[in-house]
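Notes follow once the structure below has been shown.
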Amino acid sequence: MAAGRVVGGLLGETFKGRQSRRGNGSRGLVRAPFKYRDVCKYLWFSGGFTGFRGSGGLESVKKSHQVAACAAPGRLARAFRPQTCRMNSLTMAQGIKRLGMPIAACLAAALLGLIAISWMIDPNAVRLSVEKQIRAATGLDLMVNGDVRVSIFPGSAITLHQVGLKGAASRGSGIADEPLTVGELTANLRLIPLLMRRYEIADVSLLNPRINVKRGADGRSNWSAIIETLARTIKPGVDSPVSFSEIRIKDGTLTYQNKARGIAETVSGIDLSLAWPSISRAFAATGQFNWRGEAVDGSLNIADFIAALSGERSGIKVRITSTPLKFAFDGAIANRTSLLMEGTLSADSPSLRNAARWAGQAPPGNNGLGRFALKARTNVVGESIALTNVNLELDGNTAEGVITYSNSDRQTMQATLAADALDFTPYIDTLRLVAGSSREWNRQLFDLRGLSATDLDMRLSAAKVTIGTSKLGRTAIGANLRNGTLALSIGEAQIYGGILKGSLGITRADADADVKAQFQFTDVDLASCASDLFGISRLSGRGNLNFALEAKGASPFTLAQSLDGTATLTGHDGAIGGLNIEQLLKRLERRPLSGAGNFRSGSTAFDSLNVAIRFNDGVATAEDARIEGPTTRVLLTGTASVPSREYDLKGVASLIAATDAPPAFQLPFVVQGPWDDPLVFPDSDSLIRRSPASAPLLDAIKDRKTRDAVKSVIERFTGGKKPAEPPAAQPQAAAPSANPSPVVLPTPVLPAPIPPAETRPSPSPSAEAPQPPPAATSTDAATPASPPAATESRQEKAD
């Protein structure tokens, strides 16, 4: 009854409002508090359309009145407003709940529809459509050797197993020359065209693909036909037959073969994402792969992919990052008749030696080729690369210039570089002639593999050059390597305060190195030159050094054994350290037998030095060795062994008062021992002859009779021989042997000094009896017996 009155009131108010509109015009719009939708809303929330559910009685009527009051303005709203505003939130939640039920029902229906559609789709029709699209993109037929699976939920896709592209040469012939084989190919399909039974590919995923590239002698490969077809087929825009725009490669493998050059490379672990140009003309590839045991991150961007495939000019950016090497190129590419590239190239490596090994090149030696950086303007034409505006850094050396590289028939490099300062010490340390700190030549075999890998033609100039301990000024060097022969030429170098010119040639002959060297040192400092080149630190002055040498061997030691050639040395205004020849000669002139004393000190000055040496099988023969000073003159002859590094020389040192005057004193001597510490021995025979006390003794010794007498006297002094006992005394001497007492060795007794002739006791008859021959010549023997005493007394006076 209450609900009926409320409805009646609302209807009455509504009818009254309509009457007011007829009578008052537009003012009725303001006075009408309700419309028909308000009535419907009231009836909906109050349950007026369905009646009062249940038997709530007055409580149900109360709630209905509250809802109506919230929605109805005017008298009814003012009457019920305090009770109805608290029910707004509850009624909104109920509305959302009732609205979600039909939405869930729609989704369920859509899901059931998708499942039904997946049952209704023909897998063969989808497969044929995918094959058609791929054929339109590549121009090749798709080979499916495995099963086919189509799924709609959770994603619409078709999966093909054991898929490949037939090669152009093997199309229809069944020959396995496929440029691409894929373990699993998944093509994601667009949903809306799929509902209309049109199968359009959104993107393609290749799992475990194997890419096979074979390049022939004519420069074409099994991918040439595919590339030509792609260039004709790809047309970005609405009319493009290729609908997919992305290709993803997972765990792929690339094999490259070039039988003409013997190249076979394998790249594994390829994970790439290719932005296929179905909408725009750009192409991009980013990802990573493994090559020769190193992980590589790379990216490729082509501004106009269609132009690049057609051989037209297009922008290109390449980035490669790995542990051994970082590489970047930014420029343009074209391939009309041959590959053309121009742009800026940069490369960086912590070790060029490791990067070369990673690239398959065998770097020479074991030292050097460390930190490397390169930046240059690059032009590539076919297999030739020209680098201009080069900034090159290697092992701390920085140079600028141009470099060209060609790989047509043989790797060839040409370079012209200039630098402020260069340090070749790391590369010279690779070739150690002497084994460590010892005095022997190094026996380690040469590594000559680098001589046959690349042809090189280089011109290098520097303001300062460092080679070990040697410092060079402005230097121009040329290096030419061709067919295993290395030729180094020095046009002019400022070294040791003078000028150096020459050439060095090294030819690989099996395991041996054939070395030829010709150098001319002009007006150089002999101290630093001899120390750096030969390890001799006792020579000073200025002079010229010329040598032409040849040798062949597999190590520095074998080179020393086969050394042939000539060497000349001329010097002036210098000195020879460690020996004062003038002081020695003056001392020996006064006292020949006084000994040399401490003569291995000081130095010997010279005005001129001339040495001519000829080498033959490792033996150096001094053909002319002359040292002339203000007061001395030295002549040397003999040999020196290069393999053993030892002297065997003889010479004559003369003490002169004037240049034209005959020598006042001459002393023969011998030089023997190692190069770095030789021993000098004066000739003792000449010293004895020069001594007035010992000369008669030397002449007497040459006579046989006198020699026997002197020998007898010497034996008496040394106890070397005793007079023989008579035969009768032998049994008495043998009797004590029967005594079992221990044997005691006799104590040697030195003979007493010989007294003067007037007080000497006469010898006993028993002692002189066994020596009748000397008794017959007692007169002759007594004559030479006196010289020893006289010699001794004269020597004491001389000392």
Original post:
Right, ILE302: more than 30 Å from the chain's Cα centre (by Cα), outside the structural domain of LYS214 (by the TED database) and closer than 26 Å to ARG220 by Cβ or not?
Top reply: yes
Subject >> Looking only at the stretch 627-657, and only at residues there that are touching a helix residue (DSSP H, G or I) at 6+ places or on another chain (Cβ under 8 Å) and within 15 Å of GLN583 (Cβ to Cβ), the one that is surrounded by the most Cβ atoms within 10 Å (Cβ to Cβ) >> reply: ALA653
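Restricting attention to the stretch 309-326, which residues are small (Gly, Ala, Ser) and surrounded by fewer than 17 Cβ atoms within 10 Å (Cβ to Cβ)?
Filtering the stretch 309-326 for residues small (Gly, Ala, Ser) gives 310-311, 314-315, 322.
Within the stretch 309-326, just GLY315 meets the criteria.
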Original post:
Does at least one position in the stretch 594-602 carry a residue that is open to solvent by 30 Å² or more (accessible area, probe 1.4 Å), outside any loop (DSSP other than H, G, I, E, B) and at pLDDT 75 or above?
Top reply: no
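Residue-by-condition table, conditions (1) under 19 Å from ARG459 (Cα atoms); (2) in contact with an Asp or Glu (Cβ under 6 Å, 6 or more places away or on another chain); (3) in contact (Cβ under 8 Å) with a residue 24 or more places away in the chain:
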| residue | (1), (2), (3) |
| --- | --- |
| GLY497 | no, yes, yes |
| LEU533 | no, no, no |
| GLY541 | no, yes, yes |
| SER555 | no, no, yes |
Subject >> Filter pass, GLY401 being at pLDDT below 90 and surrounded by 14 or more Cβ atoms within 10 Å (Cβ to Cβ) >> reply: no
Original post:
What number of residues within the stretch 360-410 satisfy the criterion of being closer than 23 Å to ALA332 by Cα and of a type in the set (Asp, Glu)?
Top reply: 1
Subject >> Flag if ILE306 is open to solvent by less than 30 Å² (accessible area, probe 1.4 Å) and farther than 28 Å from ASP348 by Cα >> reply: yes
Original post:
Hey, any hits in the stretch 168-182 for a residue that's open to solvent by 40 Å² or more (accessible area, probe 1.4 Å), farther than 30 Å from GLY262 by Cα, assigned by the TED database to the domain that holds GLN257 and modelled with pLDDT of 80 or more?
Top reply: no
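What are the residues in the stretch 538-563 that are aliphatic (A, V, I, L, M), more than 16 Å from ALA625 (Cβ to Cβ) and not in a loop (DSSP other than H, G, I, E, B), if any? Give the derivation first.
Residues of the stretch 538-563 aliphatic (A, V, I, L, M): 539, 545, 548-549, 551, 554, 559-560, 563.
Imposing the further condition that a residue be more than 16 Å from ALA625 (Cβ to Cβ) reduces the set to 548-549, 551, 554, 559-560, 563.
ALA548, LEU549, ALA551, LEU559, ALA560 - these are the residues of the stretch 538-563 that are aliphatic (A, V, I, L, M), more than 16 Å from ALA625 (Cβ to Cβ) and not in a loop (DSSP other than H, G, I, E, B).
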Original post:
Which is of a type in the set (A, V, I, L, M) and either modelled with pLDDT of 90 or more or assigned to a strand (DSSP E or B) (or both), of LEU584, LEU579, LEU635, LEU588?
Top reply: LEU635
Original post:
Which residues, taken from the stretch 614-631, are touching a residue at least 24 places away in the same chain (Cβ under 8 Å) and of a type in the set (Asp, Glu)?
Top reply: ASP617
Original post:
Here is a list of conditions, (1) open to solvent by 20 Å² or more (accessible area, probe 1.4 Å); (2) within 26 Å of VAL267 (Cα to Cα); (3) of a type in the set (Ser, Thr, Tyr), and THR337 meets all of them except one; can you say which number that is?
Top reply: (2)
Original post:
Of the residues in the stretch 212-246, how many are open to solvent by 40 Å² or more (accessible area, probe 1.4 Å), of a type outside the set (Phe, Trp, Tyr), closer than 26 Å to GLN162 by Cβ and at pLDDT 70 or above?
Top reply: 4
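The values are calculated or read from the model by the stated rules, or taken from the named source; none is laboratory data. Keep in mind that what you see is a predicted model, and the values were worked out from it rather than measured. Note: ideal-geometry Cβ built from the backbone for every residue, glycine included; neighbour counts use all protein chains shown. Heavy atoms of the whole protein, side chains included, go into the accessibility calculation; ligands, DNA and RNA do not. Shrake-Rupley method; radii C 1.70, N 1.55, O 1.52, S 1.80 Å.
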